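The values are calculated or read from the model by the stated rules, or taken from the named source; none is laboratory data. Computed from a predicted model, the values in this text were never measured in an experiment. We place every Cβ from the backbone using ideal geometry, glycine too, and count neighbours over all the protein chains shown. We work out accessible area using only protein heavy atoms, side chains counted, and drop any ligands, DNA or RNA first. Shrake-Rupley method; radii C 1.70, N 1.55, O 1.52, S 1.80 Å.
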Amino acid sequence: MERLDLIIVGAGPAGSVAAYTAAKLGLTTLLIEKEIMPRYKPCGGGLTPKAIDFLEARDLLDKNVVERKCREMKIFAPNIEFTITCKKEIVTLVDRSKFDLSLVRKAEREGAMFNEGEKVKGLHVSSDGVKVVTTRGRYLSKALIGADGVNSIVAKLTNLRKRWKPDEVWLALETTLPLMKSLDQSCIRIYFGDTYSGYGWIFPKKDVVSIGLCGRLAEFINPRERFLKFVQAKYAKRDNLRYHAHLIPLGGIWRENNVYTHRVLLIGDAAGFVDPLTGEGIYHAMLSGEVAAYTISEANQNGVFTAQFLRKYWEKCKKLFWKDMEAAFYLSRIFYDHLNFSMSLLKRDMTIAGYLFPLISGKISYRQLLFRCIFRSLKFLPEYWFTKVIRKV
C-alpha cells in the first residue's frame, strides 16, 4: 500500500483549494469525492469580492464559470424596500457545479490525484498514519483533511463532532428555475422576514435563477410550506416544484478545539467556517483549505503530526478570520432579533449601507462594522422609538 503525504475528503472549494495548494507545495496528494463531477450543488453560487480576489491572486478563477455580475442589491423586509448600489460588483454569480469542477481541474494540473464516485467507509488514525477505507480501496496517508461539508464523515469518524445542534445550523431550501425576461437581471434580491433568522434570495444567472430560503433550524417551522409560499409570492407559481434542502453550519464559533486532532484537520463547512450573518462560506472554505495545506506541509517537513503541532492551523485561522466571526455572530443576533430597527437604520442611514462593499471586500472587519453601527444607531434610536409610540397612539 503506497503511503501518501495527504488525503483530502470532499472536492468542494475547500478541498480543491487544499489539494491545489498541497500539490503545489510538493505533497503527494489524493482528493476523494463521493459524487461524480460535475455534480449538482445546492447553493446560491454567489462569490463575494474577497472570494474573487482570493481566486484571481492564485490564478484559480476560470472566467467561463461566471454567469453574471451584479452591482445592485435590492433588499425587502415587511413595509420596507430599498436598493444598495456599488461602483463594483457586489456579487459574482457562478454555476456551482462548473465552478467546483474547475477548481478540481486546477488541483489536478498541479499534480493532485483525483478519485470521484468514491465514498469513505472508515478510517483509523495511528502513530503510523491514517488508514482510509473507501468503497474502492484502502489508502495510507501521513495526514487527512476533512473537507466533506456540514455532515462530515471525517468529523464523525475522528470524534471531532458527531452532529450539530438545531440552534447551530441554518436550514436552506433552494431551487433553480428558468430566467424570466421580466425579471430585473442587474441585481440580486434579498428578502427578510419570511424566517425568524435568515433570509430569502433570488439570484439571476445566465439562463436560470437560484431561489432559496434559509433560517435557523430550531425556529424554522414548516420549512417546505414556507419555501413554496415564498417562491410563489416572490417569483412564479409552480406545480410539483423540485427543490433541494441542506444545512449551513453556523455553530463552529462554539467549537474552538473541534477542528483538529492527531493527523487530521477539518476545513470549510466541515469545520463550521461560515459567516454567521450571511451564511456565506465559500471564501472561508478556500482560505481554510489553503491554511490547512500549508500546515500539513510544515508538519511533513518536521515529521510531526501531533494535535499539538496541528493546532497551528487553528491559531492561524483565528488570526485570519475567526475572531472577526465572533463579532459577526453578535452582530447577527442584534440584526435578526431587531429586524425592523435594523432595516429602518439601513434605509435611513446610507453611510451604514455604504459599509457593505468594504465589508464583503475585506477592507473593513466585522468588529469595525459592529462598532460603527452601534455608534450611528445611537443617533437614530430615539427617533425610531418615538415614531413607534406615535403610531400606536
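Considering each residue of region 168-180 in turn, none proves to be touching a strand residue (DSSP E or B) at 6+ places or on another chain (Cβ under 7 Å), exposed (fewer than 14 other Cβ atoms within 10 Å of the Cβ) and touching a residue at least 60 places away in the same chain (Cβ under 8 Å).
The single condition among (1) closer than 23 Å to residue 369 by Cβ; (2) crowded, with 23+ Cβ neighbours inside 10 Å; (3) in contact with an Asp or Glu (Cβ under 8 Å, 6 or more places away or on another chain); (4) in contact (Cβ under 8 Å) with a residue 40 or more places away in the chain that residue 196 does not meet is (2). Of the residues making up region 2-36, just one is within 17 Å of residue 299 (Cα to Cα) and at pLDDT below 95, namely 3. Inspection of region 129-141 identifies no residue that is under 23 Å from the mean Cα position of the chain (by Cα) and not in a loop (DSSP other than H, G, I, E, B).
Number of residues in region 356-379 that are buried (at least 19 other Cβ atoms within 10 Å of the Cβ) and within 20 Å of residue 47 (Cα to Cα) equals 4. Cβ-Cβ contacts under 8 Å between residues 6 or more apart (or on different chains), taken from a first residue in region 306-320 that is under 17 Å from residue 263 (Cα atoms) to a second residue that is modelled with pLDDT of 95 or more and charged (D, E, K, R), are listed as 310/263; 312/298.
Listed here are the residues, each with its yes/no results for (1) modelled with pLDDT of 90 or more; (2) under 24 Å from residue 86 (Cβ atoms).
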position: 258; (1), (2): no, no
position: 261; (1), (2): yes, no
position: 295; (1), (2): yes, no
position: 303; (1), (2): yes, no
position: 324; (1), (2): no, yes
position: 327; (1), (2): no, yes
position: 332; (1), (2): no, yes
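Quick check: is even one residue across region 78-97 of a type in the set (Lys, Arg), within 21 Å of residue 19 (Cβ to Cβ) and either under 26 Å from the mean Cα position of the chain (by Cα) or surrounded by fewer than 19 Cβ atoms within 10 Å (Cβ to Cβ) (or both)? Checked region 78-97: at least one residue is of a type in the set (Lys, Arg), within 21 Å of residue 19 (Cβ to Cβ) and either under 26 Å from the mean Cα position of the chain (by Cα) or surrounded by fewer than 19 Cβ atoms within 10 Å (Cβ to Cβ) (or both).
Residues that are assigned to a loop (DSSP other than H, G, I, E, B) and touching a residue at least 40 places away in the same chain (Cβ under 8 Å) were ranked within region 110-128; the one that is nearest to residue 3 (Cα to Cα) is 112. From the list 142, 162, the one residue that fits, being at pLDDT below 95, open to solvent by 40 Å² or more (accessible area, probe 1.4 Å) and either closer than 19 Å to residue 267 by Cβ or hydrophobic (A, V, I, L, M, F, W, C) (or both), is 162. Beta carbons closer than 9 Å, at least 6 apart along the sequence or on distinct chains, never pair a first residue in region 347-359 that is over 20 Å from residue 76 (Cβ atoms) with a second that is open to solvent by 40 Å² or more (accessible area, probe 1.4 Å) and of a type in the set (Asp, Glu). The set of residues in region 1-33 that are assigned to a loop (DSSP other than H, G, I, E, B) and surrounded by fewer than 19 Cβ atoms within 10 Å (Cβ to Cβ) comprises 1, 2, 25, 26, 28. In the set 235, 243, 294, only one residue is touching a residue at least 12 places away in the same chain (Cβ under 8 Å) and touching a Ser or Thr at 6+ places or on another chain (Cβ under 6 Å); that residue is 243. Which of the residues spanning region 55-77 are touching a strand residue (DSSP E or B) at 6+ places or on another chain (Cβ under 7 Å), surrounded by 19 or more Cβ atoms within 10 Å (Cβ to Cβ) and not in a strand (DSSP E or B)? Matches in region 55-77: 65 only.
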